[in-house]
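Undergrad: Below are the C-alpha cells for one structure; questions will follow.
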Amino acid sequence: MAGHIISVFGGKGGVGKSIVSANLAFSFASDIKQKTLLLDFDQKAGGDQNIVTGMKSKKSLLEVSKFNGAIDARILGSFVAQHKNGVSLLSMNSDPVEASSIDVDGVGKFLKNAKKLFPITIVDLGSELTELVVKAIENSTLVLLITTPDVLALNQTKKVISELTTMLVPKDSIQVIFNQASSSHPINAETAGKQIGKAIFAQIPKDENTCAVSLTKKSPAITLSKSAHFSQGIANISKKILSKNILKILEKLNRPALQNSSAKVSPVSKKGKTGNSNRWNALKQRILRGIVEEMDLQNKSLEEDESSRLILKDKTKKKVVELLGKEETSGIVSGRDQMAQIVKEILDEALGLGPLEDLLADPSISEIMVVGPSKIYYEQAGKNKLSDVTFTSDKQVLRVIEKIVYPIGRRIDEKTPYVDARLMDGSRVHAIIPPCAIDGCTITIRKFPENRLTYKDLVKFGSMTEEMADFLRIIVESGKNVVVSGGTGSGKTTLINVLCSFIPANERIITCEDSAELDLPQEHVVRLETRPANLEGDGAISIRLLVKQTLRMKPDRIIVGECRGGETLDMLQAMNTGHEGSMTSVHSNSPRDCMGRLETLVQYAESGLSPRAIKEMIASAVQVVVQQSRLEDGSRKVINITEVAGLQGGDVITLQDIFVYNQEGLDKNGKVIGKFQATGFIPKFVEELERKGYKIPRGIFQNS
C-alpha cells in the first residue's frame, strides 16, 4: 500500500518549521512503529535538518535528483542517514549554488518511490514557493503550514493559503499549525484562525527552553523529553492525524494533476481559438460580474499607491479563487497552470489592462498597437509583430481605454472619439473609437523605458558615437537652442530626454507637453500638461497657452515636447528673448524639411508675419538641428547634427551638416550597414564657446 507525504511549509522564516518537521518525523515513527523518511527541501537554509536531527545523509538531494537508476530499499540505504529511532534523513546541499541545481523532475521520481518505501514521509519545504517546493506539494497528501502568534507570520500564511488554493491544492489538504502558542499572548489560536480565514488544525505550546536544549544537543526534542510541552504538542499532531484517518480521507480527494510547467496555457491565447474558448470566456465573465457585485473596484488599482494596489490585488485574488471554487470548472480548467492562467486573466481584466498586461510587462517590447479586439501588434527590436493574445470583444477594449483615461481626468465618447493619455509609468497612449475607428477601438501605447536612458545607452545601441554625444553635451550645457527633428516613432522624445540630462542641475526647467512623457533627472523641473475641453466644450488648455505661461515662471530652459501648431511662434520668440538652451521637437524628415516645417507651424499662429520675417526668426532662434531617423531594420540613429548658420540672400536658411550617418546597405540579416562621419565643417559658434571656457577638441570635426 502506498505511503503518504506530509509537507511542512512556513509562510516566513523563524516560525519553527524545521524543528516541527524533524520532530513530526520522529513522532510518526514512534506511533506507527515503522520507519519514516525526513526530506530537507529548504534550498535557502542550507541543511538545517543536519543540525536539528544530528544526522547528515551519505548523499545529498542534488545527487539523488540526478540518479538515473531504480531506487529500492537497498539503494536508498546508501543515500540516507538512519537514526536508531527509525527516521531516515536525506539532507539538502549546504552550497546554495548546488542547491539551486537540483533536478526537480528527478526529485518528482524520487518522491513517487518514497511513497512505496515509507508509510510516512515528512518534507521540510522552507518558506518560498520554489519549483522544488511545488513538486513536493504535488505529491503530498497533506500540507501543514506553520505559523506563530505574529501579525506578519499570520499575514504570510494567509497569502500562502491563497496561492495554494489557486494551484488547485484541495482546501482540506491545507492545515495550519499554530506554533509557540501562549496563554499570555494576545493572539491565540482562535484569533489567528480568524485572521488567516481558516481554523487552526493544532497548536504547539511555546517551550523555548526545550527547543534550545534540542538544538544545542543536536537531537530532536521528542527524543530527549516526551513530557516537555513542545514534545507533547508534536505528539498530539501525529496522533490526531493517525486516529482520525485524515491521510486516507485526503487521499480520496479529487486532485487534478499539478504539472510543473512554466508554459502558459490558455484556450484563448491563440488566434485560432479552440472550441473550449467560449466556455473559458463565459466563465471569466461570470467571475468578473461576481467581483463587480461584491467589490467596489472603481479603477482603484490605477489610482492608488503601490501598497494599496497590492492590498487590493490580494483581496481581489482571494475573491476570484473563492468564486471559482463555487463554479463547475471541470472541462474548462484542468491543472494548476490553467487555473493560475484564468486567475491571472481575471485579475488583469479586473485591476489592470487585460490582455495588454503581459505585453506591458515585457521590457523588450517598445510599442503596443491594438486594432480592434482580435488584432494586437507590438514592436520588438524595431519590428512589428502580431501577438497571440486577443481581446474577447470591442467592449473589453473600450473598458481598457476608459481605465487608462479615467485616473488622469480625460474622457472619450462619441462626441470626442479620440484621446491622448498616459499610463502611470509615463508611457504615452493614444486611443480612437468608433465611429472614427472603423474596425473597432484602436489603442497605441508608446512604452516608457523602465530605466532612464543615458547618452551612454544611445552610444551602446549605435544611435550615435561618443564624439557626437560629447558635442551635443557641450552645445546643451552652453545654452544653444536645439530642435530635434524626426518622423513618427523615430525616438525624438527619447533623444530629448537624453539631451535634457545635459542641462546643469542648478537651472530651472519648465516642460510643456500634450501628455507628460519627459522624465528629467534634475530636481528643479516644472511639468505642465495640456487639458482637453469639458463636455460643454470649455476649459481646453493648449500647448500654446502653456508656453505663454512659462514666460511668467522665471524659466532658465523651456522644453516643449513637440511643436504642432501656433505654439511654435511663442517657442521661437522665447528662444530669441533670453531663454537660451531651450528645446523642442518637430515632425520632419531632414534638417531642411525641419526649417520648412517650422515656417509652416508659425503661420498657424495667424500672426501676420511675412515669410522673410519668419525665416529670420527661425535662423536667429535655432542654432542646431538634430535629425533622428528610424531605419529599415528598426534601428534608430542620429543621422544629422546640423548647424543653422543664418539667412542667405534674404530668403534661404543656411544649413551646414556637422555630423552625418552614411548608410551603405544591408547585411544578409537585414541589418543596416553604415557609419557615422564628421563632415569636416567646424561650427561658427565653436570660437564663441571656447571664449566662454568650453574645451572642444577640433579633432572631432575631422573627416576620417
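The values are calculated or read from the model by the stated rules, or taken from the named source; none is laboratory data. All values reported here derive from a predicted model rather than from experimental measurement. Counting neighbours? That spans all protein chains shown, and the Cβs are built from the backbone with ideal geometry, glycine included.
Undergrad: When you look at Asn506, is it surrounded by fewer than 23 Cβ atoms within 10 Å (Cβ to Cβ), among the polar types (S, T, N, Q) and in the same structural domain as Gln628 (by TED's automatic domain parsing), yes or no?
TA: When the stated conditions are applied, Asn506 passes them.
Undergrad: Another question, then. Go through (1) touching a Lys or Arg at 6+ places or on another chain (Cβ under 6 Å); (2) farther than 20 Å from Ala421 by Cα and name the single condition Thr577 misses.
TA: In the conditions (1) touching a Lys or Arg at 6+ places or on another chain (Cβ under 6 Å); (2) farther than 20 Å from Ala421 by Cα, Thr577 misses (1) alone.
Undergrad: So which residues in region 21-46 are more than 21 Å from Val104 (Cα to Cα), surrounded by fewer than 24 Cβ atoms within 10 Å (Cβ to Cβ) and of a type outside the set (S, T, N, Q), if there are any at all?
TA: Asp31, Ile32, Lys33, Lys35 - these are the residues of region 21-46 that are more than 21 Å from Val104 (Cα to Cα), surrounded by fewer than 24 Cβ atoms within 10 Å (Cβ to Cβ) and of a type outside the set (S, T, N, Q).
Undergrad: Considering only residues of region 419-463 that are of a type in the set (S, T, N, Q) and under 23 Å from Leu356 (Cβ atoms), which is nearest to the chain's Cα centre (by Cα)?
TA: Asn451
Undergrad: Checking the structure you have, find out if any residue of region 366-380 is over 17 Å from Thr444 (Cβ atoms) and either in contact (Cβ under 8 Å) with a residue 12 or more places away in the chain or in a strand (DSSP E or B) (or both).
TA: no
Undergrad: Kindly indicate the residue of region 136-150 that is modelled with pLDDT of 90 or more and in a helix (DSSP H, G or I) and also surrounded by the most Cβ atoms within 10 Å (Cβ to Cβ) among those meeting that condition.
TA: So the residue we want is Ala136.
Undergrad: Among the residues of region 412-446, which ones are in contact with a helix residue (DSSP H, G or I) (Cβ under 9 Å, 6 or more places away or on another chain), more than 14 Å from Val397 (Cβ to Cβ) and assigned to a loop (DSSP other than H, G, I, E, B)?
TA: Within region 412-446, Leu423, Met424, Asp425, Ser427 meet the criteria.
Undergrad: Return yes or no: is Ile438 buried (at least 20 other Cβ atoms within 10 Å of the Cβ) and of a type in the set (A, V, I, L, M)?
TA: For Ile438, the condition - buried (at least 20 other Cβ atoms within 10 Å of the Cβ) and of a type in the set (A, V, I, L, M) - is not met.
Undergrad: Here is a follow-up. Restricting to region 54-96, name every residue that is under 43 Å from the mean Cα position of the chain (by Cα) and among the charged types (D, E, K, R).
TA: Passing the criteria: Lys56, Lys58, Lys59, Glu63, Lys66, Asp95.
Every residue, every condition in (1) at pLDDT below 90; (2) in the same structural domain as Arg557 (by TED's automatic domain parsing); (3) of a type outside the set (Gly, Ala, Ser); (4) within 44 Å of the chain's Cα centre (by Cα), yes or no:
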| residue | (1), (2), (3), (4) |
| --- | --- |
| Glu616 | no, yes, yes, no |
| Ser620 | no, yes, no, no |
| Gln627 | no, yes, yes, yes |
| Asn640 | no, yes, yes, yes |
| Val672 | yes, yes, yes, yes |
| Phe681 | no, yes, yes, no |
| Glu687 | yes, yes, yes, no |
| Gly693 | yes, yes, no, no |
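Undergrad: Can I ask one more? I need the helices (runs of 4 or more DSSP H) fully contained in region 1-104, keeping only those with at least 2 residues that are in the same structural domain as Gly233 (by TED's automatic domain parsing) and modelled with pLDDT of 90 or more.
TA: The qualifying helices (runs of 4 or more DSSP H) are 17-32, 48-53, 61-65.
Undergrad: Next question. The conditions are (1) modelled with pLDDT of 90 or more; (2) in a loop (DSSP other than H, G, I, E, B); (3) within 26 Å of the chain's Cα centre (by Cα); (4) among the hydrophobic types (A, V, I, L, M, F, W, C), and Val133 fails exactly one of them. Which is it?
TA: For Val133, the exception is condition (2).
Undergrad: A follow-up question, please. Residues to consider are Thr165, Thr191, Thr157; find the one that is out of contact with any helix residue (DSSP H, G or I) (no Cβ under 8 Å at 6 or more places or on another chain), of a type in the set (Ser, Thr, Tyr), in a helix (DSSP H, G or I) and more than 15 Å from Leu24 (Cβ to Cβ).
TA: Checking each option against the conditions leaves just Thr191.
Undergrad: Still on this model: Among the residues of region 182-199, is there at least one that is in the same structural domain as Ala221 (by TED's automatic domain parsing), within 27 Å of Lys226 (Cβ to Cβ) and either surrounded by 19 or more Cβ atoms within 10 Å (Cβ to Cβ) or under 32 Å from the mean Cα position of the chain (by Cα) (or both)?
TA: yes
Undergrad: I would also like to ask the following. If a residue has to be over 22 Å from the mean Cα position of the chain (by Cα) and touching a residue at least 12 places away in the same chain (Cβ under 8 Å) to count, how many in region 385-395 make the cut?
TA: So the answer is 3.
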